[in-house]
Each structure stands twice: as structure tokens, then as C-alpha cells.
Amino acid sequence: MCQRFAILLMWVTALGCSGADGRIGEGGARRSPARTTLDTAALARAYDRAAQLPRLRSFLVQWKGDLMREEYYAGASAGRRTNIKSASKSIISTLVGIAIAQGKIEGLDQTIGQFLPAETRGLDSVKRSITVGDLVSMRSGLQSTSFDNYGSWVTSSNWVRNALSRPMVEEPGGRM
């Protein structure tokens with residue numbers, strides 16, 4: 001993976017996991033939580049319903065900074081790795097938002113040619129014009145790294161280079 005993006009991603013992850021209390025408002029005043037007690041009956045009902053979902057592997061509830069309950073299903077466990085697949089898109093989008101707020105990424109309109117100049121050197125102008133927003137919304141126009149292409153992409157030594165070597169199948173910002 002390109003070093004600049006990896007470093008940025010680690011930095012943004014560290015900020016996002018810094019332990020900052022989201023209940024602190026402007027001026028350092030602690031905001032009042034909507035509820036002061038956990039509805040344990042509602043939580044139990046949620047876990048009963050969760051157990052009925054055939055594809056669910058884990059369900060963890062954190063409230064006011066404390067892990068209230070965690071359950072694992074269908075052979076999953078806290079110590080067993082799992083491929084979160086599409087859930088990573090939400091995490092990456094959040095991290096990109098944090099990086100924009102911190103000024104590490106100019107914005108969603110910043111092109112990958114501007115953000116990753118070394119990695120995009122030698123690419124055509126269409127690929128260099130793909131924006132951060134195109135990537136976050138999965139509308140880069142590049143051939144997918146999923147399905148039949150997943151194996152070669154995930155086992156490549158450089159995921160960014162591999163993805164950028166794929167042919168354009170749409171215009172950037174077009175169809176997903």
C-alpha cells in the first residue's frame with residue numbers, strides 16, 4: 001500500500017480512537033445524555049432478535065464507554081478474525097471525513113493526482129482526475145476489484161498500484 005496513504009490512515013485512525021469523549025460540548029461542558037440508565041429489557045430483546053439473524057456473526061453494545069454485552073454466533077468469536085467486507089467502506093468514509101476536518105485531505109473534490117502524485121505519475125489524465133469523493137462513493141470508474149478480480153487484487157503486493165492498473169469501465173463520478 002502506498003506509504004503516504006498508509007501513514008495518513010494510521011494517523012486518522014489514532015485520532016479517531018483517541019478516547020475523546022463525544023459527550024463533551026463546546027467550551028468543555030459535558031452534555032447531558034439522553035438516557036441515564038440502560039434499558040436492559042430492550043437490550044435483551046435486541047439480543048434475542050439478533051440471534052435469529054442467520055448471517056450475523058457478532059453483536060456488541062457499548063454504552064457510555066462501557067461494553068455492556070457481546071455475543072457471537074455461528075462459530076464466530078472475539079479471537080477469530082473475520083472479513084468485514086462492505087462494512088469497511090463506512091469506516092474508511094468516516095476516516096476520510098476526519099482527515100478532511102483535520103486538513104490532511106483538502107476535500108472530496110481533491111483528485112488522486114493531487115493527493116497521490118508519486119503513485120499516479122505516469123497514469124493518464126482520466127485516472128489522475130478521479131477524486132476522493134469518487135473513491136468514497138465507489139464511482140471511480142475503474143474496473144472492480146471484487147468478484148472475479150478479488151483474488152489477484154488482494155494477493156498483490158501493492159493494492160493501490162493494482163487497483164490503478166485496472167482499465168476504466170466508466171467515467172469517474174459516473175455509475176457505481
Test each condition in (1) closer than 27 Å to Pro167 by Cβ; (2) in a helix (DSSP H, G or I) for Leu95 and report the one that comes out false. (1)
Could we say that Lys104 is surrounded by fewer than 14 Cβ atoms within 10 Å (Cβ to Cβ) and either of a type outside the set (Ser, Thr, Tyr) or outside any strand (DSSP E or B) (or both) here? no
Pairs please, first residue from the range 58-84 and within 15 Å of Leu38 (Cβ to Cβ), second anywhere and modelled with pLDDT of 90 or more and exposed (fewer than 11 other Cβ atoms within 10 Å of the Cβ), Cβ atoms under 8 Å, 6+ apart in sequence or on different chains. Leu60/Leu67; Val61/Leu67; Met68/Gln62; Glu70/Ala78
With the first residue restricted to the range 85-102 and required to be more than 13 Å from Val136 (Cβ to Cβ), and the second required to be among the aliphatic types (A, V, I, L, M), Cβ contacts under 8 Å at 6 or more apart or on different chains are Gln102/Val12; Gln102/Leu15
Restricting attention to the range 125-138, and to residues there that are at pLDDT 95 or above and farther than 18 Å from Glu106 by Cα, which single residue is surrounded by the most Cβ atoms within 10 Å (Cβ to Cβ)? Lys127
Can you confirm whether Ile24 is over 30 Å from Asn162 (Cβ atoms) and either modelled with pLDDT under 50 or surrounded by 10 or more Cβ atoms within 10 Å (Cβ to Cβ) (or both)? yes
Would you say Ala118 is in a helix (DSSP H, G or I), surrounded by fewer than 14 Cβ atoms within 10 Å (Cβ to Cβ) and not hydroxyl-bearing (Ser, Thr, Tyr)? yes
Cβ-Cβ under 7 Å, sequence separation 6+ or interchain: first residue in the range 136-163 and without any contact (Cβ under 8 Å) to a residue 12 or more places away in the chain, partner part of a loop (DSSP other than H, G, I, E, B). Which pairs? Trp153/Thr145
Only one residue in Ser86, Ser18, Ser90, Ser32 is polar (S, T, N, Q), surrounded by 10 or more Cβ atoms within 10 Å (Cβ to Cβ) and modelled with pLDDT under 95, so which one is that? Ser90
So is Val160 of a type in the set (A, V, I, L, M) and either under 25 Å from Ala101 (Cβ atoms) or not in a helix (DSSP H, G or I) (or both) or not? yes
The residue that is nearest to Met176 (Cα to Cα), considering only those in the range 59-89 that are hydroxyl-bearing (Ser, Thr, Tyr) and not in a strand (DSSP E or B), is Ser86
Could you list, in sequence order, the residues of the range 47-58 that are assigned to a helix (DSSP H, G or I) and either loosely packed, with under 10 Cβ neighbours inside 10 Å or on the phi > 0 side of the Ramachandran plot (or both)? Asp48
Arg80, sole failed condition from (1) of a type outside the set (Ser, Thr, Tyr); (2) over 18 Å from the mean Cα position of the chain (by Cα); (3) at pLDDT 95 or above: (3)
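The values are calculated or read from the model by the stated rules, or taken from the named source; none is laboratory data. Because the structure is a prediction, the values reported are computed rather than measured. Glycine also receives a Cβ, built like all others from the backbone with ideal geometry; neighbour counts cover every protein chain displayed.
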